[in-house]
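The values are calculated or read from the model by the stated rules, or taken from the named source; none is laboratory data. Here the structure is a predicted model, which is why all the values come from computation and not from measurement. All Cβ positions, even for glycine, are placed from backbone atoms using ideal geometry, and neighbour counts span all protein chains on display. Accessible surface is based on the protein model in full, side chains and every heavy atom, while ligands, DNA and RNA are left aside. Shrake-Rupley method; radii C 1.70, N 1.55, O 1.52, S 1.80 Å.
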Amino acid sequence: MTSPSPAQRRHALACDLPLDERFEVIVIGGGPAGCTAAAAAARAGAKTLLIESSGALGGSGTSALVPAWCPFSDKQQIIYRGLAETVLRRAKEGMAHVAADALDWVPIDAERLKRVYDDVVTEAGVTVLFQTMLVHVEVADGAVSTVLLANKAGLRAYRARAFVDCSGDADLVAWSGSPFQQGDGLTGRLMPATHCFILSNVDENGYRHGPTLHGNNPASPIFAILASGRYPLIPDAHLCSNLVGPGTVGFNAGHIFGVDATDPADLSRALMTGRRMAATYRDALAEFHPKAFANAHLAMTGAQLGVRETRRIVGDYELTLDDYLARRSFDDEICRNSYFIDVHWAADQAARDPAAFGTWDKTCIHYKAGESHGIPFRCLIPRDLRNVLVAGRSISCAQIVQGSVRVMPVCLAMGEAAGAAAAMMARMPKPDARRVEVRILRDTLRDGGAYLPDHADALATS
């Protein structure tokens, strides 16, 4: 008698577990894309389960403590609308120091934002499971058939008709065996990570009226900190900050290099490094900007690492740099994007020269006011799967373009489209993303307030 194959053993494991078949759509990952995907699917009538590995929804803006939203406008109008605009509007309520009409670089109150996401998904009728991990994927006939989830109830098997991978790392797609890319294809180089943190007991007057901390200001204290040599854990001049509450400043500062966040050892090392770095920033700012930070207290570091890049799926279409530069429109586009190409590839030595800012930490390509490009539905479809969609930073795109489409506003917009499409797939006799009628999907998104101009009016140039 021959021994069972690994695939047979895995299938036997799934068969021996409790099986839950209540849900039509399962969304993996409760970051911005996952929240809007789940809400859109449930709003469309699909019984929807959202799983999240941490204890809160929102990902980068909540558990990772990113202190501000990237721009929601193309400098002329808001272009991330629908559920994305709902999230932004609710997140600003109660933040007295934020203008009601603010759209770009709006500070984030992470605790408030957690509640906003809770409300958005529960109002839509989504079932949420926190502290729940995807641990295994089974595929049959070109479709994900069963996923195994682990939480305090143990291991359980779940089946659904459609799945949306919003894990940020394309875990569902990768573990299904569908192809993906990681890094630049040559060296595997990934953008560095950042561990965000919050300082409290900051003197607001000193913060507001002192030098701008950002590294594009040659007078920022970050350059004196670097030149002093007393804080070797501070690697470069990347120093973004926002007033997120009374006497409370959130920081997106520094880089942690060589991190593959799909490697548990790398991720663990980076979190420990980030916590040490955050304490170092507090001490350095207290010394070199005492009017604001002399009595500052390190209140919190992110429960999650700020990860910019891991896997990107191989999809039915790869969004290219040429598409970005041409401000291209597509017949099947499901949202528009205007964020600049923001690729963090820092060079430590150059970072210490304030005159080098603009080249030291980023590859930057900016649009003019009113310009944007489309994101095709095909970028959300993994090449070898028919009942899975992907939304968030791991869609099918060139690495340099990922530096634009990875940020929260566009992830919110992509998630809403993926969720609405997943609900359409769930109603098919044989769910298939390639059989989704994109015209109906686009009309559905428009009905929900999405910005999808007619192609005659699309802001595309050749």
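From the backbone phi of the range 408-417, what are the Karplus-calculated ³J(HN,Hα) couplings (6.51 cos²θ - 1.76 cosθ + 1.60, θ = phi - 60°) in whole Hz, Gly and Pro given as x?
Couplings: 4, x, 6, 5, 4, 5, 5, x, 4, 5 Hz.
Just to be sure I understand the model, the point goes 7 Å from the Cα along the line to the Cβ. What's the resulting M133 to S73 distance in nm?
A separation of 4.4 nm, rounded to one decimal place.
Taking H placed 1.01 Å from N in the peptide plane, check which residues at least 5 places from H136 or on another chain put their amide H under 5 Å from its amide H.
Amide H neighbours of H136, under 5 Å, 5+ apart: L148.
Check the straight Cα-Cα distances from K430 and name the lysines below 24 Å, setting aside those fewer than 8 residues away within the same chain.
Those lysines meeting the cut-off are K47.
For the ranges 365-371, 324-330, what's the packing order if you count other beta-carbon atoms within 10 Å of each residue, average per peptide, and put the highest first?
324-330, 365-371
Specify whether the C-alpha gyration tensor of the range 158-213 places it in the rounded, prolate or oblate class, a ≥ b ≥ c being the square roots of the eigenvalues: rounded for a/c under 1.5, otherwise prolate if a/b is larger than b/c and oblate if not.
Taking the square roots of the gyration eigenvalues as a ≥ b ≥ c, the range 158-213 is oblate.
Considering only G302, Y80, L325, whose Cα is most displaced toward the positive end of the charge dipole of the chain, charges sitting on Cβ of Lys, Arg (+1) and Asp, Glu (-1)?
So the residue we want is G302.
Report the relative contact order of the chain, percent, no decimals, based on alpha-carbon pairs under 8 angstrom and at least 6 residues apart.
Details: 1076 pairs, mean separation 102.9, N = 462.
This gives 22 percent for the chain.
Place the peptides 116-122, 234-240, 55-61 in order of packing, highest mean first, counting for every residue the other Cβ atoms within 10 Å and averaging per peptide.
On the way: 116-122: 20.1, 234-240: 22.0, 55-61: 24.1.
Sorting 116-122, 234-240, 55-61 by mean packing, highest first, produces 55-61, 234-240, 116-122.
Once a ≥ b ≥ c are taken as the square roots of the eigenvalues of the Cα gyration tensor of the range 184-228, is the result rounded (a/c under 1.5), prolate (a/b larger than b/c) or oblate (a/b not larger than b/c)?
The shape class here is prolate.
Kindly sort K430, K75 by accessible area of their heavy atoms, largest first, with the probe set to 1.4 Å.
Per-residue accessible area, sorted high to low, gives K75, K430.
Could you list which residues have their amide H under 5 Å from that of L389, counting only those 5 or more apart in sequence or on another chain, with H placed in the peptide plane?
It is F163, V164, D165, by chain and number.
Relative to the compact globular guide of 2.2 N^0.38 Å, what is the alpha carbon radius of gyration of the range 14-137, as a ratio? Don't jump to the answer; show the numbers that get you there.
Details: Rg = 15.9 Å, N = 124, 2.2 N^0.38 = 13.7 Å.
My calculation over the Cα atoms of the range 14-137 gives 1.16.
To the nearest 10 square angstrom, what accessible area does F257 show with a 1.4 Å probe?
70
Nothing charged except the Cβ atoms of Lys and Arg (+1) and of Asp and Glu (-1): what's the magnitude of the dipole of the range 161-260 about its Cα centre? Round to the nearest 20 debye.
180
Mind checking Rg over Rh on the range 35-83, alpha carbons, Kirkwood formula for Rh?
Rg/Rh: 1.06.
For the chain, just the Cα set please: Rg and Dmax, both in angstrom.
In order Rg, Dmax, the Cα atoms of the chain give 22.0, 79 Å.
Which value, in debye to the nearest 20, describes the size of the charge dipole of the chain about its Cα centre when Lys and Arg Cβ atoms bear +1, Asp and Glu Cβ atoms bear -1, and nothing else is charged?
In debye, rounded to 20, the chain gives about 500.
Which order do the peptides 165-178, 383-396 take when ranked by the mean count of other beta-carbon atoms within 10 Å per residue, highest first?
383-396, 165-178
Which residues among the range 207-227 fall inside the zone where the amide N is under 19 Å from a point 7 Å beyond the Cα of A99, along Cα→Cβ?
208-209
Which is farthest toward the positive dipole end of the chain among A96, A37, C364, measuring Cα position about the Cα centre, with Cβ charges +1 (Lys, Arg) and -1 (Asp, Glu)?
Final value for the positive-end residue is A37.
Taking the Cα centre of each part, how many Å lie between the range 365-391 and the range 33-69?
Here the answer is 19 Å between Cα centres.
Give the Rg/Rh ratio for the range 121-165, taking Rg as the radius of gyration of the Cα atoms and Rh as the Kirkwood radius, to two decimals.
Checking Rg against Rh, the ratio lands at 1.00.
Give the percent of DSSP beta bridges with both residues in the chain that are antiparallel, rounded to the nearest 5.
70
What accessible surface, in Å², does a 1.4 Å probe find on R308, ignoring ligands, DNA and RNA and rounding to the nearest 10?
Surface open to solvent at R308 totals about 20 Å².
Dipole of the range 83-214, Cα-centred, from +1 at each Lys and Arg C-beta and -1 at each Asp and Glu C-beta, to the nearest 20 debye?
My answer is approximately 320 debye.
With the full set of protein chains in place, find how many percent of the accessible area of the chain is carbon and sulfur; take the probe as 1.4 Å.
51
Report the FRET efficiency, 1/(1 + (r/R0)^6), for A265 and D454, where r is their Cβ-Cβ distance and R0 is 51 Å, rounded to 0.05.
The pair A265/D454 has a calculated efficiency of 0.55.
With every protein chain left in place, what is the accessible area of R230 in Å² (1.4 Å probe, nearest 10)?
140
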